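One structure is given here, and the rest of the page talks about it.
The values are calculated or read from the model by the stated rules, or taken from the named source; none is laboratory data. Bear in mind that the values here come from a model prediction, so they are computed numbers and not experimental data. Ligands, DNA and RNA are excluded from the accessible area calculation, which covers all protein heavy atoms including side chains. Shrake-Rupley method; radii C 1.70, N 1.55, O 1.52, S 1.80 Å.
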Amino acid sequence: TAESTLVLDSSPGRITNSSGTGSHIGGFPFATSEEPAAPATYEVLLGRGGAGWGAVGLATSPTGGLFASGGAWVLVHSGQDQYEIYANGFSQIASGAVPNLNPDFNFVRLEYVQGTNRLSVAINGTTVLTSHLLSFSPAFSNASIHLASPAGGDTAGDQGVRNLRINGAPYHLFLDGFETSDMSRWSVSDP
C-alpha cells in the first residue's frame, strides 16, 4: 500500500525515496496477536543517507504518515545522529544519541505487547526504551515506513530501509492425541 513516492528498489534490495523532497510513506498490513502476552516485533535496517530522516513503526493507516497515524514509532535523523521515539501520533516519549552508530544502516527493533500495552525499543543491540506503558490503547493495522527528505536536500534513493522483518505473535498448534488414542499426550509446536 505504498504511496507512489516510496519505491521498492530491487537492485540494492531496499525501499527508498523516489525524489529529493517531501515525505515518502508506505505500510504493510499488520495485526496484533489474539494472544495477549505474545510480543509483536518490527525489525529493520534504517539508512542514514542524505540530510533527512527515516522512521518506522506500527500505525493505524498505511499511507497517513507516522506523525498523524503512528501508534508507536522510531525516527532516526541522518545528519544529527539522534533517535526519537513517539507514541499516539507525535507525542515524544524518549530521545537520545544513536548507540553504536553505523554510518550506513542502523538496526532498529520495536517490540509491542498488546496484553500489557507496553513498548520496548532497541537500536543497534542497545535497549533505549524498556517496557514503556503506553497511555492509550492503539489499534494497529499497519507496519509503516516514513522517509523524509528536506527541500533542496537529498536526492532520490538517499533515504531507505532494508531487511524488514515484521512479526505478529507466534501461533500454536495443539496436538491432542485423538489420532493415536493417547489421551495423556499434549504438545505445542510453533510452525
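Worth pointing out:
- Solvent-accessible area of THR155 with every protein chain in place, 1.4 Å probe, in Å² to the nearest 10: 80 Å²
- Residues whose amide H comes within less than 5 Å of that of ILE93, counting only those at least five positions distant or on another chain, are ILE85, TYR86, ALA87 (H built at 1.01 Å from N in the peptide plane).
- In plain terms, the chain from ALA68 to ASN88 could stretch by 6.4 nm, reckoned as 0.36 nm per residue minus the Cα-Cα distance.
- Using the Cα coordinates of the range 60-142, the gyration tensor eigenvalues translate into equivalent-ellipsoid semi-axes of 22, 15, 11 Å, sorted from longest to shortest.
- Heavy-atom accessible area ranking, 1.4 Å probe, most first, across HIS132, HIS77, HIS24: HIS132, HIS77, HIS24
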